Amino acid sequence: MLSEKIKKTINGIRHQFPTEQALLLPILHEIQNEYGWVSMESMKAAGEFLNLPVSKVREVASFYTMYRLDPIGKVDVQICTNISCWLNGADKVLACAERKLGIHHGQTTKDGKFTLTQVECLAACGTAPAVQINQDYFEQVDENMMENLIDQASRDLDAGKEVGKSTQKDGEWP
Amino acid sequence: MMYNNEHFEPVITPNVNVPGCETIDFYLQKENGYKGLEKALKMKPAEVVDEVKKSNLRGRGGAGFPTGMKWSFMPANPVDANGNPKPKYLVCNADEGEPGTFKDRLIFTKTPHRMIEGMIIGGHAIGSNKGFIYIRGEWFKEIRLMQKALDDAYAKGFLGKNILGSGFDFDLVIYKGAGAYICGEETALLNSLEGKRGEPRLKPPFPAQVGAYGMPSCVNNVETFAAVPYIIDKGWEKYAKMGTERSGGTRLIGVSGHVHKPAVYELPMNLSINDIIEIAGGVKGGKLKAVIPGGASAPMLRADECHVLTDYDSLAKAGTMAGSGGLIVMNDTVNIVEATYTLLKFYEHESCGQCSQCREGSHWLARMFKRILDGGGTQDDLDYIAKICGNMAGQTICAFADAVTGPALSSVRKFRGEFEELVAKGGLKGIGKKESASHKLVGAHV
């Protein structure tokens, strides 16, 4: 259940770390990136690959919020509602996204396209409110922009384009 | 205009608004880049440590510990039980996540080589050949930019074997966090770096003895490293002079919330909070009500307390802290109970759960604030909040519990009238049912 690509990436950085367990966070990141979530099967495979008991893998995977242990939508709309964003109207942005998508935060749309997540500080307080769509940051987001972002993501998804990974293109620096 | 400090000049951010400032060529040609490293490699490690000590540089991550002293704690020639030499590790804490703090992100995107140079100098000073940069995982873009900066530094021979012909080897590796605020605590960070749950460790042993992978390690903040090249290049005196008696240099202050020009400003430390708000364009949308001076964990200050200076000692004297330099401004339209609740929700979510005082306490506090907002609060609650805080602060493995009590306690102490009003009125909407309070607390879902 581990793709060759993931194995190759992890083998490529193995020499950088003194222990096998140090590769656990990196391998979970790779799994999350490739499959969109971290399934029990992939945790077992990661354990086998790194010679770690699956209990250890699960213990770690469940600690960190970036590893999703349940499948989520293709586009994860993450809205920061912590203090600086809240002071600048993040609750309105969140309510707008909830209205637009017809779901509460923490839920996924029925078509499996969008998941709406309320997140804590993204360290973009100077350009609040901040929203992260999959891996991309958007700052100074207002309700209008939030609607446009969702529309754009929906169009890109329908056109078969990858959404929210604009900074990860090979050979191109953000 | 308000920089009434003749010695002040920007140390870290002189060119952050110039296009292309993040490239290695710009750093080398326009900013005297890697000259500090050249100089440091000709000095003995102890001399470098001494230079940093005399500069009065204090850790910029939050605790404000003197950096030179931290470096001097590293053992000179550590050996294992069989007498074989142990490696030493240098770790950069780039897990920036304290609400209100966004200065390290500026360094990552605008002047990454300054930090890299600072780390190489640090590696030389403590006798380490390997460094890790622990970056928060949400920063996909910043991680790639930093990787590019590292590649460029390797290509020019500033990293790798025999740096600038000195015989000193140093490697830097990026390690991605995965969305846990607690990993900004240095021992939690070390656990996370080992691929474990990010739970803080009991101290002692301190990281200088048993750190990453069981080896002596030194953890510093991004901004701390970024200040080091200047200190070595221009000399400790120049840096020390800019600051106060017990704290040298400049500080990056991230101003956010209700101001006209929220941004990161590099400032001398002899400015008051009022001065800084003025620099950030003044309060927007109303009059000044409260300020959190050093990231969410710092106790808040009322408007009438904002004449206080922003150096470590003055803020400590005022009962708060300089913390991570995140200054959050709130105007008088803000309900303090609600504002504090947004912070407590955050702490409730981020408590790692090791110590009961913190795990339970952060939940209880968040629920009590919610109850007051919903109209189920009582006068007794206000004293009870203080009691819970008293059972949390100083009772746990790390300082997280203390951080929770910062906003909780200060808000009740300084804005008690507002709490009492909410209790009397029956919550924000005035529809609370006080008699059901105890039931609500047990079954409340926040």
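The values are calculated or read from the model by the stated rules, or taken from the named source; none is laboratory data. Given the structure is predicted, the values throughout are model-derived calculations rather than measurements. Don't worry about glycine lacking a Cβ; one is built from the backbone with ideal geometry, like all the others, and counts go over all protein chains shown.
Tabulated values for the structure
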| item | result |
| --- | --- |
| Residue tally, condition facing chain A (nearest Cβ under 7 Å) and assigned to a helix (DSSP H, G or I), over segment B:89-104 | 0 |
| Residue in segment A:56-68 that is more than 30 Å from B:Ser297 (Cβ to Cβ), at pLDDT 95 or above, touching a strand residue (DSSP E or B) at 6+ places or on another chain (Cβ under 9 Å) and not in a helix (DSSP H, G or I) present | no |
| Segment B:277-292 residues that are within 19 Å of B:Thr340 (Cβ to Cβ) and not assigned by TED's automatic domain parsing to the domain that holds B:Phe415, paired with ones that are assigned to a loop (DSSP other than H, G, I, E, B) and among the small types (Gly, Ala, Ser) (beta carbon under 6 Å, 6 or more apart) | B:Ile292/B:Ala298 |
| Those residues of segment B:256-309 which are in contact with an Asp or Glu (Cβ under 6 Å, 6 or more places away or on another chain) and either within 23 Å of B:Arg246 (Cβ to Cβ) or of a type in the set (Val, Ile, Thr) (or both), in sequence order | B:Met269, B:Gly295 |
| Test for B:Ile163: is it more than 12 Å from chain A (Cβ to nearest Cβ), surrounded by 24 or more Cβ atoms within 10 Å (Cβ to Cβ) and modelled with pLDDT of 95 or more | no |
| Answer residue from segment B:124-145, given it is in contact (Cβ under 8 Å) with a residue 40 or more places away in the chain and among the aliphatic types (A, V, I, L, M) and is farthest from the other protein chains (Cβ to nearest Cβ) among those | B:Ala125 |
| Pick from segment A:140-150, criterion surrounded by fewer than 17 Cβ atoms within 10 Å (Cβ to Cβ) and not in a helix (DSSP H, G or I), ranking: farthest from the other protein chains (Cβ to nearest Cβ) | A:Asp142 |
| Enumeration of residues in segment A:34-90 that are without any contact (Cβ under 8 Å) to a residue 24 or more places away in the chain, surrounded by fewer than 16 Cβ atoms within 10 Å (Cβ to Cβ) and either within 14 Å of chain B (Cβ to nearest Cβ) or more than 25 Å from A:Ile10 (Cβ to Cβ) (or both) | A:Pro53, A:Ser55, A:Glu59, A:Ser62 |
| Which listed residue, of B:Ile107, B:Ile120, B:Ile182, is under 24 Å from B:Gly214 (Cα atoms), within 14 Å of chain A (Cβ to nearest Cβ) and part of a helix (DSSP H, G or I) | B:Ile182 |
| Test result for A:Glu4, surrounded by fewer than 21 Cβ atoms within 10 Å (Cβ to Cβ), under 30 Å from B:Glu98 (Cβ atoms), more than 9 Å from every other protein chain (Cβ to nearest Cβ) and without any contact (Cβ under 8 Å) to a residue 24 or more places away in the chain | no |
| Residues located in segment B:362-400, provided they are farther than 26 Å from B:Asn191 by Cβ, part of a helix (DSSP H, G or I) and among the polar types (S, T, N, Q) | B:Gln379 |
| Every pair of residues 6+ apart whose Cβ atoms lie under 7 Å, when the first sits in segment B:210-230 and is free of Cβ contacts under 8 Å to residues at least 12 places away in the same chain while the second is of a type in the set (Ser, Thr, Tyr) | none |
| Qualifying residue in segment B:212-233 (condition: in contact with an Asp or Glu (Cβ under 8 Å, 6 or more places away or on another chain), small (Gly, Ala, Ser) and either within 24 Å of B:Val264 (Cβ to Cβ) or assigned by TED's automatic domain parsing to the domain that holds B:Ser192 (or both)) | yes |
| Condition met for B:Leu202 (closer than 24 Å to A:Leu50 by Cα, away from chain A (no Cβ under 11 Å) and out of contact with any Leu (no Cβ under 9 Å at 6 or more places or on another chain)) | no |
| Boolean, B:Met119 is at pLDDT 95 or above and closer than 30 Å to B:Ala263 by Cβ | yes |
| Residue within segment A:119-131 that is acidic (Asp, Glu), more than 11 Å from every other protein chain (Cβ to nearest Cβ) and not in a strand (DSSP E or B) present | no |
| Yes/no for A:Ala153 being away from every other protein chain (no Cβ under 11 Å) and more than 19 Å from the chain's Cα centre (by Cα) | no |
| Unmet criterion (only one of (1) at positive phi; (2) modelled with pLDDT of 95 or more) for A:Thr117 | (1) |
| Number of the exception - B:Asp313 against (1) surrounded by fewer than 18 Cβ atoms within 10 Å (Cβ to Cβ); (2) more than 13 Å from every other protein chain (Cβ to nearest Cβ); (3) over 18 Å from the mean Cα position of the chain (by Cα) | (3) |
